[in-house]
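S.K.: The structure is given below, and queries will be raised subsequently.
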Amino acid sequence: MSNESPLPLEQRLFEYLRAPGYEAQDSSAIARGMGINSRERPALRELLKQWQDKGKLIRLSKGRFILKAAADAPLEGKIRKFGNTLLFIPNAAGQNMMRAYCGADADRNFELPVSEHRSAGAMDGDSVRCSVRRTVPAHLRRTRGRKSRPDPALLHYEAAVETILQRRTDTWVGIYRPYAKFGSMVGDGKTSPQLVKLTAPPPADLLVGMLITVQALSYPVGKMPATGKIAQVLGWPEDDGVDITAIMHRYGLHSAFPQAVLEEAAALPSEIPPEEIAARLDCREHMVFTIDPATARDYDDAICIREIEKGWELDVHIADVSYYVRPGTALDAEAKRRGNSTYLPDRVLPMLPPKLCDDVCSLKEGVNRLTRMCRMRINRKGEVFFTSFHNAIIRSAKRMDYGEALAILENRGSTGDSLIDSAIHTAHELATVLRKRRMQQGALDLEVPELQLVLDDHGHVTDVVTESSDIAHQLIEEFMLVANESVAAGLTKMLTPTIYRIHEEPDPAKLQNFASMARSYGISAGTLASREELSRVAAQIKEHTDAPLLTTALLKSMMRARYSTRALGHFGLAKGDYCHFTSPIRRYADLIVHRGFDKLVFGKSAKVQLPSISQLDSITDHISETERNSAAAESEAKQTKLAQFLSDQCECDSPRPWNAIITDCYPQGIAVMVPSLQMNGYISAEWLPESLGSNWFFERHASRWTATDGRMFIPGNTLDVVPHQVDGPSRFAYFYPSVSR
């Protein structure tokens, strides 16, 4: 019986090449995909050649083919704004098309510049459809008598917006100012236009300088300003809570959940059904415990550790959110829309309603809870030599915070249970081995201390502290990393579609620029072309007096980690297969990974319905975007609170001094970085400390300030500064050298 199709080969080929989700393939892959037998393959190759000669097909690198109409089709994606630069970031399908078209590596991520006159008024975060064209840098363009063509790898690509598919927001936040007939809103130029002309009379109680939200009526194009009408008066920027409320509006964040979501959450059972308990691995008698921040309200990870003959057996338990949040429900739709939880200085905007994140999914002490469990046996070298995966039920024996765990590890505290104390010491031994192995494999140790703001009941900052990662933090971190890696490797082996966390290799040009900077600070740095050399430089930075400055600069030279359906590895962690598995309460990516977990538990017999690759590609685009959005909101909220704190300090008789690092010297003054505030600032030349008979002068050839009495301010030097003035809109801080006040 023949399985040949009755359709002509030409029609079958055309339909195959234009099918949704088709990616550029060579002739062999096309033949396999079409189910063509060996007799028809010569005819297929001849047909591909004919279509290529006629211009119907384009032959890409590695002998891959794509329809010309598809290659010329506009790409869809997002507009991102960085300073005054607009970039078009294609979605997953567009990234695949760009890689295929220019023969790029599979892990390259394209970000294409968009000139202002080709932006069609698109703003940061807008979804757009763009045409893409290839350009040749000026220094590579053909000149008279030169016949060679530039290397395709050196060609540039730029985008032009053809259609704005969806605006990121139709509501803007800004300050009310007088303008024309009805006034205007002055925005930040990124999340909102710099100027929005109001088209209706403002409320009678609205005063100049108040924060307002504006409903967009038209968007800025060229020299034409945006227009809108006032939707809400938020109040004065300095009023309690108004600053954070404005940021939430600015980034489209919400604290309240839709009624349908709350009703679904309320209907979830608080008790676990007996049949579900019977179907799971019962670990309620195991010595399972949690270690979390002291301020944590939800506990989504727990561990259990035992010493075995060859090393250790580690169980990592993660709250089974997927049991409660099912695909197609309102809960799932809202979790996907939010993408992740957002952590602002005075509040948390959770991905899931409190019934889940604070109650039924929280691994509280002494309460039955459902988990996804990854069991790993690890030898004395830190190598995982056995893994198994289980749906489990636990009853946490002890809840600890990092401070309590650290006290036990330093032999200055106890849980009151000698077995748990001993387990924590055992866990530390394993974590030390895992961390050592990870560093030997080239992982980058680029820890930046976390800035914590201490707030009073009115949301005002009373203190600023930095929290470094101690051995208690590292203990949990190493266990979560090895669990993430083990789950990702298992899903890859099972060919299960899922979402990976990837971190591409850095741009060599950016690393070379950083290497030049590092050498100026006395760091021995070559080209940083190898992982080993980069790790060696990172180790030097950690011991350097200017570690905060250099660490920040190196991080800016790295690519941004993101989500992908491809297991492209994590450069910074030096891991191959890697995913996010350990925080499904606060990340939708982890929830997707959990939904494929039954494949690891039950193998091919698992009855799970998983999204297709194209659906997952769409999800990765979305959650990568929500992650960036939340990070931007968190950063702005923190900087806003810091600016308010420093403004209050400026009014004090004895402002608090801060240690600063000089980053640059100019004829007008000195640029500084304050590590403990994680912010940059400026010292005017007029404020340099004076002493009897001495004067300051700028040495341009050395980029330094020198006094006639021998004192010098040089990039890399440290000095104490006190706040002098903070610019409200930009939150930029000006400092005095503390000795001059």
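S.K.: Looking only at region 229-243, decide whether some residue is among the β-branched types (Val, Ile, Thr) and surrounded by fewer than 13 Cβ atoms within 10 Å (Cβ to Cβ).
M.R.: no
S.K.: Only strands (runs of 3 or more DSSP E) wholly contained in region 46-146 count here; list those with 2 or more residues that are farther than 24 Å from Ser618 by Cβ, among the aliphatic types (A, V, I, L, M) and at pLDDT 75 or above.
M.R.: Result: 57-59.
S.K.: Could we say that Ala392 is open to solvent by less than 20 Å² (accessible area, probe 1.4 Å) and either part of a helix (DSSP H, G or I) or without any contact (Cβ under 8 Å) to a residue 60 or more places away in the chain (or both) here?
M.R.: no
S.K.: Restricting region 694-741 to residues that are within 25 Å of Gly522 (Cα to Cα) and free of Cβ contacts under 8 Å to residues at least 12 places away in the same chain, which is farthest from the chain's Cα centre (by Cα)?
M.R.: Gly710
S.K.: Determine which member of the set Glu478, Glu467 is in contact with a helix residue (DSSP H, G or I) (Cβ under 6 Å, 6 or more places away or on another chain), without any contact (Cβ under 8 Å) to a residue 60 or more places away in the chain and of a type in the set (Asp, Glu).
M.R.: Answer to the selection: Glu478.
S.K.: Can you tell me which condition Arg531 does not meet? The list is (1) loosely packed, with under 15 Cβ neighbours inside 10 Å; (2) touching a residue at least 40 places away in the same chain (Cβ under 8 Å), and all the others hold.
M.R.: Here Arg531 clears every test but (1).
Yes/no matrix, rows are residues, columns are (1) in contact with an Asp or Glu (Cβ under 7 Å, 6 or more places away or on another chain); (2) aliphatic (A, V, I, L, M); (3) closer than 18 Å to Met224 by Cα:
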| site | (1), (2), (3) |
| --- | --- |
| Glu158 | no, no, no |
| Trp172 | no, no, yes |
| Tyr179 | no, no, yes |
| Gly183 | no, no, yes |
| Lys190 | yes, no, yes |
| Pro193 | no, no, yes |
| Thr199 | no, no, yes |
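S.K.: Answer yes or no as to whether Ala561 is surrounded by fewer than 20 Cβ atoms within 10 Å (Cβ to Cβ), closer than 30 Å to Lys493 by Cβ and among the small types (Gly, Ala, Ser).
M.R.: yes
S.K.: Still on this structure, I have one more. Identify, by number, the condition in (1) open to solvent by less than 40 Å² (accessible area, probe 1.4 Å); (2) at pLDDT 90 or above; (3) closer than 25 Å to Trp658 by Cα that Gly459 doesn't meet.
M.R.: (2) is the only condition that Gly459 fails.
S.K.: What are the residues in region 610-660 that are of a type outside the set (Ser, Thr, Tyr) and not in a helix (DSSP H, G or I), if any?
M.R.: Once the filter is applied, which keeps residues that are of a type outside the set (Ser, Thr, Tyr) and not in a helix (DSSP H, G or I), region 610-660 yields Leu610, Pro611, Glu651, Cys652, Asp653, Pro655, Arg656, Pro657, Trp658, Asn659, Ala660.
S.K.: Taking strands (runs of 3 or more DSSP E) that do not extend beyond region 696-741, which have at least 2 residues that are over 30 Å from Thr191 (Cα atoms) and open to solvent by 60 Å² or more (accessible area, probe 1.4 Å)?
M.R.: Ranges flagged: 718-726.
Residue-wise test of (1) modelled with pLDDT under 90; (2) farther than 29 Å from Met679 by Cβ.
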position	(1), (2)
Phe479	no, yes
Ala489	no, yes
Lys493	no, yes
His503	no, no
Asp507	yes, no
Gly522	yes, no
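S.K.: A follow-up question, please. Residue by residue through region 344-361, note down the ones that are at pLDDT 95 or above and part of a loop (DSSP other than H, G, I, E, B).
M.R.: Pro350, Met351, Leu352, Pro353, Cys361, listed by residue number.
S.K.: Does at least one position in region 422-444 carry a residue that is among the polar types (S, T, N, Q), in a helix (DSSP H, G or I) and within 23 Å of the chain's Cα centre (by Cα)?
M.R.: No: region 422-444 contains no residue that is among the polar types (S, T, N, Q), in a helix (DSSP H, G or I) and within 23 Å of the chain's Cα centre (by Cα).
S.K.: When you go through (1) outside any helix (DSSP H, G or I); (2) open to solvent by less than 10 Å² (accessible area, probe 1.4 Å); (3) among the small types (Gly, Ala, Ser) one by one for Ala488, which number turns out not to apply?
M.R.: Condition not satisfied by Ala488: (1).
S.K.: If you don't mind, another one. Select from region 201-225 the residues that are open to solvent by less than 40 Å² (accessible area, probe 1.4 Å) and either of a type in the set (Lys, Arg) or in contact (Cβ under 8 Å) with a residue 40 or more places away in the chain (or both) and list them in ascending order.
M.R.: Thr213, Val214, Ala216, Pro220 - these are the residues of region 201-225 that are open to solvent by less than 40 Å² (accessible area, probe 1.4 Å) and either of a type in the set (Lys, Arg) or in contact (Cβ under 8 Å) with a residue 40 or more places away in the chain (or both).
S.K.: I need the full set of residues from region 368-382 which are open to solvent by less than 50 Å² (accessible area, probe 1.4 Å) and either modelled with pLDDT under 95 or not in a strand (DSSP E or B) (or both), in order please.
M.R.: The one that is open to solvent by less than 50 Å² (accessible area, probe 1.4 Å) and either modelled with pLDDT under 95 or not in a strand (DSSP E or B) (or both): Gly382.
S.K.: Next question, about the same structure. Looking at (1) in contact with a Leu (Cβ under 6 Å, 6 or more places away or on another chain); (2) touching a residue at least 40 places away in the same chain (Cβ under 8 Å), can you tell me which one Phe182 breaks?
M.R.: Failing condition for Phe182: (2).
The values are calculated or read from the model by the stated rules, or taken from the named source; none is laboratory data. Computed from a prediction, not measured in an experiment: that's the story for all the values here. Neighbour counts are summed over all protein chains in view; Cβ atoms, including those assigned to glycine, are modelled from backbone coordinates with ideal geometry. With ligands, DNA and RNA removed, areas are computed over all heavy atoms of the protein, side chains included. Shrake-Rupley method; radii C 1.70, N 1.55, O 1.52, S 1.80 Å.
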